[in-house]
Amino acid sequence: MPVPLTLTINGRQTTVAVEPRTLLVHFLREQLGLTGTHVGCDTSQCGACVVHVDGRSVKSCTMLAVQADGSAVTTIEGLGDGDLHPMQRAFNQHHGLQCGFCTPGMVMSGLDIVARHAAPSEDDIRDGLEGNFCRCTGYTNIIKSVHAGAQAMRGGQP
Amino acid sequence: MTDATKTGIGARLTRLEDKRFLMGRGRYTDDISRPGQLYAHFIRSPYASARIKGIAVDRAAAVPGVVAVLTGAQMAADGVGGLPCGWLVTGKGGVAMKEPPHPPLAYERVRYVGDAIAVVLAESRDAAKDGAEAVDVDFEELPAVAAIAAALANGAPLVHDDVPGNLCYDWDLGDKAAVDAAFAKAAHVTRLGLVNNRLIPNAIEPRAALAEYDAVTDGYTLYTSSQNPHVIRLLICAFVLHLPEHKVRVVAPDVGGGFGSKIFHYAEEAVVTWAARKVGRPVKWTAERSESFLTDAHGRDHVTEAELALDGNGRFLALRVKTLANMGAYLSTFASSVPTYLYATLLAGQYTTPAIYCEVKAVFTNTTPVDAYRGAGRPEATYLVERIVEKSARELGIDRAELRRRNFIKPDQFPYQTPVALTYDTGNYEAHLDRALELADYRGFAQRRQDSERRGKRRGIGMSCYIEACGLAPSAVAGALGARAGLYEAAEIRFNPTGSVTVFTGSHSHGQGHETTFAQVVSDRLGVPIDSIEIVHGDTGRIPFGMGTYGSRSLAVGGSAIVRAADKIVAKGKKIAAHLMEAADDDIEFSHGQFRVAGTDKVLPMAAIAFQAYVPHNFPHDKLEPGLDESAFYDPANFTFPSGTYICEVEVDPDTGAATVDRFTAVDDFGTIVNPMIVEGQVEGGIAQGIGQALVEGCVYSADGQLVTGTFMDYAMPRADHIPNYRFDFTKTPCTHNPLGAKGCGEAGAIGSPPAVINAVLDALAPLGVDDIAMPATPLAVWQAIQAARPAKAAE
């Protein structure tokens, strides 16, 4: 039986009914049409589904939608004000994406790294991306992108 | 007019396609939903080999939300054909390869864990899974063979009853007598046995397929995560579902990585298309990662014995190779070509080895089908050649770079006919060797090794000088070698009346950045501003029939097709300009987007020509057609031959066995480079996959055919902290036979890097008495090798 759920998605409060066994990622993708959050595995390894729940990065495949009741969820679609967020722009400037599938998770994890380290070192970034797989880039440009995104968020140029 | 230095060929232009991906607005197959769609869940074999004695679906059909359960028997009854193989290999004595049937849904026998048997269609994903739990399959388990040696053993269980000895083919290439004669007079012979470890591709987007049938038009639309939608349409129509192509539209929208694994026509594509008509509703399937592990075609899996004969001066006299290649349970689309025409033909490497003989036995096993994975045959060849060359250098006490240099094909020897069928068009191998030695600070290695040893670590350096054959493929050559298709590419350039351009390409981008690179080519050739160019790919309803993207062919073949179409646009534009400016056709010059009457100041820009082409009030009907829309098919005259030198430095902790890549230098010759930023990204990604193969990745089956490495918890993927920062450069000898001079860059990294890494690990371990290690050289494997060498070392 569907149960009611009230939460704030990308700044907008929503009340919906959801099957109790629905994962947060499937709720976002299929009930809300927010398909920027991706599913790349079934063991919580790949990180393509990373979103922010109350400011903390979460693999949305490991959380039931009902567990987000009352929370504020930010997805890749909620970044920037109609244009690219500095972290997103840094990925473009530094060729931090190829096929784009891991990218939303990488950007959300990159922002989580910045939330924990305003000026992250290369090692901070490598450690912080441990839970995100990319098969295309070899990570080098993603690391550069997060570094540049952090710098831009501190007011520098990406 | 466009500023070509910022947007043309050679410009580091940031990618035009990035914004949608960065904003979460990419459109991958699973992002697409159709009204009324059902969700498919496949019932798969839990056994590597079994007879299907019965399938009971009644309980499943009664599960709430389940709409239908369809089986292989129903597919067979509907006359659905098997999944075809696109390459006929003819073995020794003219014996054709064995090509057993590959039904999309198995109905009498299952032959690997993951072989699909039935499909449950339901209103939701969860209902489909609930239904799948209630399908009862009565299996009679049969003995299975997972490893090549087991499959070739006397009396081994047969994967297919009508394939004796599990032997798909026994093939050879080269002059055996010449090789035997060379070995008879050799001053030194280096012997090497090696395994090229089986890999699981793991594109981060799992495969997905969504099919829809329209009873009014009798037409189908299939969305699928594919590298070549037209090829999928051709195979599904001509061989599997027997449908007319004009009734089937195949769309490969944004695709989240392929690496070869999304070239092939897979069972699920055929099943959802067939089922959509059967039930009259759209049917969607998206692989769970566990299904990807079980059903995406795997890569590599060779077992090889090789011998290199050298004369007293360290010159290579001959190479003799025996390879066993695992095909898995069925022949995937290009499986048969990988260990033959994409492998044995590359065994000359960058060297003048005058005689080469290679024998390949392809073997069926009860495992997932094996097919092309980034590099496909060429990494296996490079791994063999560059390991045995480095081993020879060590045995003879010759510097590894010097031994290679001594045997290189020299720049004045091109075009160079190898003893294994290929003619290299151009190259300069010393140029990238020298540059790599400089960038890697090869001379400073001894000091760095001392520094490591002072810290209790072992440091090693290894090299790899790779060559690959890309730009697949000259159709005549491919056809002579058994390809059942031509491997040209198609392009269309359509000007819109106000001067913007839509380019349709048969190539497919799943991370390569074609929307940027191809736009740069068109902008450069036609002088059109980059933001006025749109690249369309991936939809058979829009693009001309093309062969898609694999084998590093998109720029060399697909880009060349675009150039040919652009040349036709210029030719037509000159006629229009001549008419409008009242000059002779031959007097019109075109450059930088301007048509000029030679020697005058009479000029018309491209946009004006395009506009006049669509508003042709006074065109002479007998001489000039309206419109500015040209297409071309480009069939390459030869393969392209990218080459390069990679140098790897590792540091090994002898206490833990952990090998860390500390430095990696890559110098590649890709001919003309359109966008260096994108090319560096391709190389970086390829090297990461190569480091993955060398140090962490490896697919493991149990003896009875269970996939032990079936999740990301068990199969190690390279992560952000495994990968070093690279040193890069490029040398350039443009391809001589395509209009761009481009060679292709997509696979080089994955081809060149594994031997460089393993050579470095062995160099680090040599003082400890270790002389061989298998991939992946995990900390456990390295530590065990060190321990195993200890008694021998102590006895010295």
- Message: aliphatic (A, V, I, L, M), touching a residue at least 24 places away in the same chain (Cβ under 8 Å), over 30 Å from B:Val89 (Cβ atoms) and out of contact with any Gly (no Cβ under 6 Å at 6 or more places or on another chain): is that true of B:Val521 in this structure?
- Response: no
- Message: Checking the structure you have, find out if any residue of the range B:301-308 is within 12 Å of chain A (Cβ to nearest Cβ), in contact with a Gly (Cβ under 7 Å, 6 or more places away or on another chain) and part of a strand (DSSP E or B).
- Response: no
- Screening B:Ala297, B:Ala267, B:Ala252 for residues that are within 14 Å of chain A (Cβ to nearest Cβ) and under 29 Å from the mean Cα position of the chain (by Cα) leaves only B:Ala252
- Task: Looking for whichever is within 28 Å of B:Ile609 (Cα to Cα) and away from chain A (no Cβ under 14 Å) here; the options are B:Thr505, B:Thr516. Which one fits?
- Result: B:Thr505
- The correct count of residues that are of a type outside the set (Gly, Ala, Ser) and farther than 20 Å from B:Gly54 by Cα in the range B:131-158 is 6
- Taking the range A:44-81, which residues are modelled with pLDDT under 95 and at the interface with chain B (Cβ under 10 Å from one of its Cβ atoms)? A:Gly80
- Which is under 23 Å from the mean Cα position of the chain (by Cα), more than 14 Å from every other protein chain (Cβ to nearest Cβ) and surrounded by fewer than 20 Cβ atoms within 10 Å (Cβ to Cβ), of B:Ala583, B:Ala608, B:Ala571, B:Ala637? B:Ala637
- Query: Do we find a residue being crowded, with 22+ Cβ neighbours inside 10 Å and among the hydroxyl-bearing types (Ser, Thr, Tyr) anywhere in the range B:750-766?
  - Reply: yes
- Query: B:Asp662 versus (1) part of a helix (DSSP H, G or I); (2) of a type in the set (Asp, Glu); (3) out of contact with any Phe, Trp or Tyr (no Cβ under 7 Å at 6 or more places or on another chain): which is the lone unmet condition?
  - Reply: (1)
- Query: Say we look at the range B:495-531 and pick out the residues that are hydroxyl-bearing (Ser, Thr, Tyr) and crowded, with 20+ Cβ neighbours inside 10 Å; which of these is nearest to B:Gly258 (Cα to Cα)?
  - Reply: B:Ser509
- Under the condition of being within 14 Å of another protein chain (Cβ to nearest Cβ), touching a Gly at 6+ places or on another chain (Cβ under 6 Å) and of a type outside the set (A, V, I, L, M), which residue from the range B:649-689 is farthest from B:Lys6 (Cα to Cα)? B:Gly686
- Six or more apart or on different chains, Cβ under 7 Å: which pairs go from a residue in the range B:120-142 that's within 14 Å of chain A (Cβ to nearest Cβ) to one that's in a helix (DSSP H, G or I)? Could you list them? B:Ala122/B:Ala128; B:Ala122/B:Gly131
- Message: Given the criteria farther than 19 Å from B:Thr368 by Cβ and part of a helix (DSSP H, G or I), does B:Ile673 qualify?
- Response: no
- Hey, does the range A:85-96 have a residue that's under 22 Å from B:Thr711 (Cα atoms), touching a residue at least 40 places away in the same chain (Cβ under 8 Å) and assigned to a loop (DSSP other than H, G, I, E, B)? no
- Lone qualifier among B:Tyr373, B:Tyr429 - being closer than 16 Å to B:Phe641 by Cα and within 25 Å of the chain's Cα centre (by Cα): B:Tyr429
- Task: Would you list the strands (runs of 3 or more DSSP E) that sit entirely within the range A:1-68 and hold 2 or more residues that are of a type in the set (Val, Ile, Thr)?
- Result: A:3-9, A:12-18, A:50-53
- Item | Enumeration of residues in the range A:100-128 that are within 7 Å of chain B (Cβ to nearest Cβ) and in contact (Cβ under 8 Å) with a residue 60 or more places away in the chain | A:Phe101, A:Cys102, A:Pro104
- Message: Only one of B:Ala372, B:Ala393, B:Ala348 is aliphatic (A, V, I, L, M), in a loop (DSSP other than H, G, I, E, B), modelled with pLDDT of 95 or more and over 26 Å from B:Val240 (Cβ atoms). Can you tell me which?
- Response: B:Ala348
- Query: Restricting attention to the range B:270-294, and to residues there that are within 14 Å of another protein chain (Cβ to nearest Cβ), not in a loop (DSSP other than H, G, I, E, B) and not acidic (Asp, Glu), which single residue is surrounded by the fewest Cβ atoms within 10 Å (Cβ to Cβ)?
  - Reply: B:Ser290
- Message: I'd like the residue in the range B:311-343 that is within 17 Å of the chain's Cα centre (by Cα) and not in a loop (DSSP other than H, G, I, E, B) and, out of all such residues, is nearest to B:Ala178 (Cα to Cα).
- Response: B:Ser337
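The values are calculated or read from the model by the stated rules, or taken from the named source; none is laboratory data. Bear in mind that the values here come from a model prediction, so they are computed numbers and not experimental data. Virtual Cβ from ideal backbone geometry, glycine too; neighbours counted across all protein chains shown.
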